[in-house]
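Student: Just dropping this structure here.
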Amino acid sequence: MIRLLDVHKAFGDKVVLAGVSLDVRDGENTVIIGASGSGKSVTLKLIVGLMEPDAGEIEVDGQNVPDLDRDQLAEVRAHIGYVFQFAALFDSMTVAENIRLGLVKRGLDEATIRTRIAQSLATVELSGQEDRYPAELSGGMRKRVGIARAVALEPRYILYDEPTTGLDPVTSAVMDRLMQRTRDLGVTGLIVTHDMRSAFTVGDRIAMLHEGVIRQVGSAADIRATTDPVVRQFIEGRPDDVAPPARRSAS
Amino acid sequence: MANGYYTFPSVPLPVPYVLRHPGTFIQRLGRWTTDAARALGDVATWRPLLLGHMVRLGVDSVPIAVFIAIFTGIVLALLSSYIFTGAVPLYFVGALVGKTVMMELGPVLTGMALAGRVGANIAAELGTMRVTEQVDALETLAYDKFAYLVVPRVLAATLMFPVVTSFAMAVGVVSGWVTAINLLELSTPEFFKGLRLFYQFKDIWFGLVKSASFGAAVAFMGCLEGLNSRGGAEGVGRSTTRAVVLGCQAILALDAFWALVLL
């Protein structure tokens, strides 16, 4: 289980997280929604130790990430897959080599590595693309390779950073289906996005990050029915100067 | 924090930074040393990459080093002839070409050329990896970025700069000899008489030790600046420029250092 407890993070004078607390339940897809620059991606980077919190606890399987030394952190990272916003594929390597890199680090034998590469590419419907370079792939394909790279490691958790941003609706739907499929395989997902259609599709629970704290957390149905004006405005995508739509009367 | 989130110091270093923040500098120096020692111990990560970097940073640099050495030898032969004619026996041309190429111009000019080629290459590559989150991706795959990115490059440059420089030394002397026998009134025996006149084995290893230290400095500056890149293409361009400038500065400083220590 991943647990954030009163996490604070600032960059200079700019406070990004001002006491975030959130439980990411095992076997579920938890979605963090929030405006651009609200600290969603920072939250993911804190969980894998790519950034250091100013205060608070970040527990992964009971271990407080900021307290871990390098070896312990590497051990924690071995159970976490990370899908970057722009895929972050190694552009000097082919698709297969990108996936292979993490598997080699785990000391797997060559036969297992080949099997995992083939399986993970099949999962993201990219079989046969092993020898292509990232520059030869579309944005959607690159993101799917990013997911394949994460899935191949058979992690307990996958963190998705804006997985559908910049994709056309059909490719976004494919990404949503992949996130649901990995959840069905038993992998816990933590997804940050401001794509509400995607959030409602893949999220078992949705948390709204606003002004450095979790404003509301609940099921997709809870969030759809929220009366919180800030959350309501965000999920409706309504600018500040537009009044909310009048609610229909029960009659 | 002990888990490896790491902020490189802003360069240029070292004197102004040391004076402004002595405590922080000592702390960071300690972390660099610890990180470097730990990364060196992660042999399984860097060893498979070392040969590829030796080829890319070293072997591929031989043509530019040879090109520079050819013209250095020609100019040295002509210049020494111009200086010595009428004052010193002309076979001293061989002595000047040999000493200068082996001890100074071979290592330094080759180092400068490689600071441009190798330093810029490393800084641009790692800088692009940094701003496109490839370095972060590497870490999430449980790799130590120092062991994977820094150690093989620094080791490869340290090992290959002397090899490239030795080619440059040989080509520089040969080019000086060819110039002397064709353009000056000097025979082969006279040229080699001068070459042997003041030759000591130390001349060669002095040049090679220097070039090894140049390689380490150039590669380290490239890694430091590359991993410190921020802000997209412009930031990578800035880091690349700084890596080359700092590499050249380091070469000149080390050149003076070795002259003080070894001569």
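Student: Classify chain B as rounded, prolate or oblate from the Cα gyration tensor: take a ≥ b ≥ c as the square roots of its eigenvalues, call it rounded if a/c is under 1.5, otherwise prolate when a/b beats b/c and oblate if not.
Tutor: Since a/c reaches 1.5 and a/b is larger than b/c, the shape of chain B is classed as prolate.
Student: Treat the count of other C-beta atoms within 10 Å as a stand-in for reagent exposure and order B:Lys210, A:Lys45 from fewest to most.
Tutor: A:Lys45, B:Lys210
Student: Another question, then. Give me a single rounded figure for A:69-82: the average over its residues of other chain Cβ atoms within 10 Å of their Cβ.
Tutor: 4
Student: Which of A:Thr201, A:Thr43, A:Thr188 moves most in a GNM of chain A, Cα contacts under 10 Å?
Tutor: Between A:Thr201, A:Thr43, A:Thr188, it is A:Thr201 that shows the largest mean-square fluctuation.
Student: Could you sort the peptides A:109-115, B:105-111, A:58-64 by per-residue average Cβ neighbour count (10 Å cutoff), highest mean leading?
Tutor: Result, highest mean Cβ count within 10 Å first: B:105-111, A:58-64, A:109-115.
Student: If each residue's Cβ is checked for other Cβ atoms within 10 Å, how do B:Trp258, B:Trp177, B:Trp205 rank with the fewest at the top?
Tutor: Ranking B:Trp258, B:Trp177, B:Trp205 by Cβ neighbours within 10 Å, fewest first, gives B:Trp205, B:Trp258, B:Trp177.
Student: Name the lysines eligible as straight-distance cross-link partners of B:Lys210: C-alpha to C-alpha under 24 Å, and not fewer than 8 places from it in the same chain.
Tutor: B:Lys99, B:Lys202
Student: Most fluctuating residue of A:Lys143, A:Lys14, A:Lys40 in a GNM of chain A with Cα springs under 10 Å: which is it?
Tutor: Looking only at A:Lys143, A:Lys14, A:Lys40, the largest GNM fluctuation is found for A:Lys14.
Student: Another one. Report the Cα centroid-to-centroid distance between the stretch A:161-195 and the stretch A:1-80 in angstrom, as an integer.
Tutor: 20 Å
Student: When the helices in the protein assembly as shown are scored as -39500 (n - 2.57) per DSSP H run of 4 or longer and the sum is shared across all residues, what 222 nm value do you end up with, to the nearest 500 deg cm²/dmol?
Tutor: Value at 222 nm, helices only, nearest 500: -18000 deg cm²/dmol.
Student: Compute the signed sum of charges (Lys and Arg +1, Asp and Glu -1) over the other residues within less than 9 Å, Cβ to Cβ, of B:Ser239.
Tutor: So the environment of B:Ser239 carries a net charge of +3.
Student: Cross-chain or 8 or more residues apart, Cα under 26 Å: how many lysine pairs in chain A fit that? Count them up, please.
Tutor: 8
Student: Continuing with this model, one more query. What is the antiparallel percent of DSSP beta bridges lying wholly in the protein assembly as shown, to the nearest 5?
Tutor: In the protein assembly as shown, DSSP labels about 55 percent of beta bridges as antiparallel.
Student: Going by a ≥ b ≥ c, the root eigenvalues of the Cα gyration tensor, does the stretch A:129-209 fall in the rounded group (a/c under 1.5), the prolate group (a/b larger than b/c) or the oblate group?
Tutor: In terms of gyration-tensor shape, oblate.
Student: Listing A:Thr171, B:Thr72, A:Thr164, B:Thr100 from the residue with the fewest other Cβ atoms within 10 Å to the one with the most, what is the order?
Tutor: Going from least to most buried by this count: A:Thr171, B:Thr100, B:Thr72, A:Thr164.
Student: Here's something else I'd like to know. Compute a Gaussian network model of chain A, connecting alpha carbons closer than 10 Å, and tell me which residue from A:Asp26, A:Asp13, A:Asp91 fluctuates the most.
Tutor: Per the Cα network of chain A with a 10 Å cutoff, A:Asp13 tops the list.
Read-outs: derived from the displayed coordinates by stated rules, not from any lab. Everything quoted here is computed from the prediction, not taken from an experiment. When we count neighbours, we look across all protein chains shown, and the Cβ atoms used for this are built from the backbone with ideal geometry, even at glycine.
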